[in-house]
Amino acid sequence: MARSGKATVIGAGFYGSTTAVRLAEYDIFAEVVLTDIRDGWSEGLALDMNSSRPIVGFETTVVGKTTTTDGGGYEVIADSDVVVVTAGLPRKPGMSRMDLLEVNAGIVRGVAENIATFAPDAVVVVVSNPLDEMTRLTQLASGFPHSRVIGQAGMLDTARFTFFVAEKLGLPTSAITTLTLGSHGDTMVPVPSACTVTDGGRVRPLAEILTPSEIDRIVQRVRGGGAEVVALLKTGSAYYAPSAAAAAMVKAIATDSGDIMPVCAWTTGQYGISDVYLGVEARLGKSGVQEVVERTLTADELAGLRAAAEAVRTKSADVTGL
Ligand code: APR
């Protein structure tokens, strides 16, 4: 089987290391690179992941490298097709993603500058929180075109929504289609009008199957899905579903799939919203975002999306000074 291309994950904590191993296990890349500022940590994880190859059955080479914030070691990311940014602190119980803004902005800004220097042609997938603001900051600090800087949030929030509906109905997740748009935070916009359930071969709107209050309870749980995990873990935040989401985006980009996914992308007039990074549906391929895809929303959903856009715009301006 032909393996090609190179995917890099910056930050080898829980999120980064699980993303790297998922990418390696796809067995489509020639090389997966994992970096972190913790001395020896990435090298150790890479050795461990490579040692799993004969058991799991993949031949992608995993390369681990300790880097410094001033760019030391960054030559390892040269010629990456896709770079995932997971560097940054996770939440603790009781914290909102926004509480991470200041400290993670410093980390992400430096990482973005190093990516621009060492992998100037890469597509960048950002996952550090607060997501929408860190995505904007990465685009500004890298100077990359908006289409080449994308945030991961909607895939994860949508997956949580799908799982909660499937669990409630006792159906496989494959029978459920859901969608969330908007921010990866308080102004997340679950989109019940786009949700369907396939039962007995028939595709039916979710609203025919669950009552408005049942849907509302699930929507509230989706909004707090990350916090629910943080409260249980007590230290650190979710990483299995998040890394699955980030890896799926990287795969779509690297394979030029043209798949439409809910992601954090730059808006250029869709839904009457412009010049802000926001959770929308976008077609992904080699060049990053090929197109933001609009759908018909209810008046409430549209109002929610526009409110989310303004909330993100204000916070992004705080962090970027623009
Ligand atoms: N360059 C590279 N790695 C860095 C840097 C940097 N400048 N600064 C910190 N790191 C690394 C840390 O050393 C650590 O290994 O980032 C890693 C973060 O890992 P965890 O603390 O395990 O956090 P994780 O759960 O992986 O979350 C990472 O994703 O979901 C978001 O909110 C979450 O912002 C957080 C990020």
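Summary table below
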quantity	calculated
Criterion (in the same structural domain as ASN129 (by TED's automatic domain parsing), polar (S, T, N, Q) and surrounded by fewer than 18 Cβ atoms within 10 Å (Cβ to Cβ)) met by exactly one of THR86, THR66, THR61	THR61
Close pairs from segment 226-239: first surrounded by 16 or more Cβ atoms within 10 Å (Cβ to Cβ), partner polar (S, T, N, Q), Cβ under 6 Å, at least 6 apart	VAL230/SER237; TYR239/THR18
Scan of segment 100-134 for residues that are surrounded by fewer than 17 Cβ atoms within 10 Å (Cβ to Cβ) and more than 10 Å from the ligand (Cβ to nearest atom), ordered by number	GLU102, ALA116, THR117, PRO120, ASP121
Segment 1-18, subset among the hydrophobic types (A, V, I, L, M, F, W, C) and under 17 Å from THR86 (Cβ atoms), residue surrounded by the most Cβ atoms within 10 Å (Cβ to Cβ)	VAL9
Segment 78-99 residues that are closer than 15 Å to ALA231 by Cβ and in contact (Cβ under 8 Å) with a residue 24 or more places away in the chain, paired with ones that are within 12 Å of the ligand (Cβ to nearest atom) and among the aromatic types (Phe, Trp, Tyr) (beta carbon under 9 Å, 6 or more apart)	PRO90/PHE14; PRO90/TYR15; PRO90/TYR239
Strands (runs of 3 or more DSSP E) contained entirely in segment 182-275, each with at least 1 residues that are within 21 Å of the chain's Cα centre (by Cα) and within 16 Å of the ligand (Cβ to nearest atom)	188-190, 260-268
Matching residues, segment 193-240, being within 19 Å of GLY279 (Cα to Cα) and charged (D, E, K, R)	ARG221, ARG223
Every residue from segment 141-161 that is under 21 Å from ARG97 (Cβ atoms), in a helix (DSSP H, G or I) and under 18 Å from the mean Cα position of the chain (by Cα)	GLY154, MET155, LEU156, ASP157, THR158, ALA159, ARG160, PHE161
Filter result (in a loop (DSSP other than H, G, I, E, B) and among the acidic types (Asp, Glu)) within segment 112-140	ASP121
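The values are calculated or read from the model by the stated rules, or taken from the named source; none is laboratory data. In this text the structure is predicted, and so the values were computed from the model without any measurement. Cβ sites come from the backbone with ideal geometry, for glycine too, and all protein chains shown count toward neighbours.
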